[in-house]
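One structure is given below, encoded as structure tokens.
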Amino acid sequence: MLRIDDLVVRYGAAVALDGVSLHLDAGEMVALVGPNGAGKSTLLNAVSGLVPAASGSVTCEGRIAQVPEGRQMFPDMTVEDNLVLGGWSIRNRDLSEVLDLLPDLVRLRKAKAGRLSGGQQQMVAIGRALMAKPDLLAIDELSLGLAPLVVAELAEHLRFLNRDRGTAILLVEQEVSLAFDLCPRTCVLEAGRVVAAGPSAELAESE
Ligand code: ADP
Ligand code: ADP
């Protein structure tokens, strides 16, 4: 459903992605790992159309919604209003559908987003993306700054979305063990190039 072929992205003279290819089937869950500055966020942003390709191509058969790095809430607005902002597009979910998918958000509906814990904010950021009824959820750094127990809970929600709802997931993750654990397939980026890709179990063995 997602085909990235020979993608090159430049920021001025700097090459951030240097010929990256990555394919995702419908309903797949794939991790993107690699050191800081490898180009992971750039790749997600190119998939979402936020940064242009210098050459190569990105084609997606379905709809993409991104969970941005750092969650990016409107802190003075309620959780509910932050969620509704995700449903601006023509094909979207009702708030109640997203609350069914993420029931922990029900009791937080009227809370100001800025007062929530990091894990709760990440849940809101995922919910906001789900409002757009995406076929592909692109998540930039799920675990950043969160306690392991909180991450495990979020990961459980993603598994459910993937297995039961068929949502494809492209996960950028610094925590390699989490990436391997959650995603059957992993792609390793270094300095704008794919240096390894394949089943996570095989990559984990060769580490
Ligand atoms: P990662 O997400 O793997 O940490 P990024 O995609 O953020 O990597 O960055 C890839 C490279 O592109 C880095 O060298 C980074 O400094 C550079 N870069 C990212 N965004 C910009 C930008 N807006 N302008 C200039 N350079 C950028
Ligand atoms: P990451 O944590 O993914 O490496 P950064 O913290 O490096 O991302 O970057 C945060 C923001 O700054 C992003 O929007 C990125 O595009 C931008 N950015 C990163 N590197 C540069 C750069 N060298 N010049 C300008 N903007 C950059």
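The values are calculated or read from the model by the stated rules, or taken from the named source; none is laboratory data. Everything numeric here is computed off the predicted structure, so don't read it as measured data. Every residue, glycine among them, receives a Cβ derived from its backbone with ideal geometry; neighbour counts consider all protein chains shown. Please note that ligands, DNA and RNA were not included when accessible areas were found on the heavy atoms of the full protein model with its side chains. Shrake-Rupley method; radii C 1.70, N 1.55, O 1.52, S 1.80 Å.
Summary of values
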| quantity | calculated |
| --- | --- |
| Residue in the range 144-159 that is within 16 Å of ligand 1 (Cβ to nearest atom), under 13 Å from the mean Cα position of the chain (by Cα), over 19 Å from residue 200 (Cα atoms) and not hydroxyl-bearing (Ser, Thr, Tyr) present | yes |
| Scope the range 76-89; condition under 21 Å from the mean Cα position of the chain (by Cα) and assigned to a loop (DSSP other than H, G, I, E, B); matching residues | 86, 87, 88, 89 |
| Count of residues meeting criterion [touching a residue at least 40 places away in the same chain (Cβ under 8 Å), surrounded by fewer than 17 Cβ atoms within 10 Å (Cβ to Cβ) and more than 8 Å from ligand 1 (Cβ to nearest atom)] in the range 19-50 | 5 |
| All helices (runs of 4 or more DSSP H) inside the range 107-207 with 2 or more residues being in contact with a Ser or Thr (Cβ under 8 Å, 6 or more places away or on another chain) | 148-165, 176-182, 200-205 |
| Failed criterion for residue 169 (all others in (1) open to solvent by 10 Å² or more (accessible area, probe 1.4 Å); (2) away from ligand 1 (no atom under 16 Å from the Cβ); (3) among the β-branched types (Val, Ile, Thr) hold) | (1) |
| So residue 204, is it at pLDDT below 95, farther than 22 Å from residue 145 by Cβ, more than 16 Å from ligand 2 (Cβ to nearest atom) and surrounded by fewer than 19 Cβ atoms within 10 Å (Cβ to Cβ) | yes |
| Residue in the range 168-186 that is touching a strand residue (DSSP E or B) at 6+ places or on another chain (Cβ under 9 Å) and of a type in the set (Gly, Ala, Ser) present | yes |
| Filter result (open to solvent by 60 Å² or more (accessible area, probe 1.4 Å), more than 16 Å from ligand 2 (Cβ to nearest atom) and under 26 Å from residue 175 (Cβ atoms)) within the range 71-97 | 75 |
| Pair list, Cβ under 7 Å, 6 or more apart: the range 109-135 residue without any contact (Cβ under 8 Å) to a residue 60 or more places away in the chain, other residue aromatic (Phe, Trp, Tyr) | 113/74 |
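Residues are listed down the side, and each one gets a yes or a no for (1) more than 10 Å from ligand 2 (Cβ to nearest atom); (2) part of a loop (DSSP other than H, G, I, E, B); (3) closer than 29 Å to residue 92 by Cβ:
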position	(1), (2), (3)
16	no, no, no
20	yes, no, no
43	yes, no, yes
53	yes, yes, yes
59	yes, no, yes
62	yes, yes, yes
69	no, yes, yes
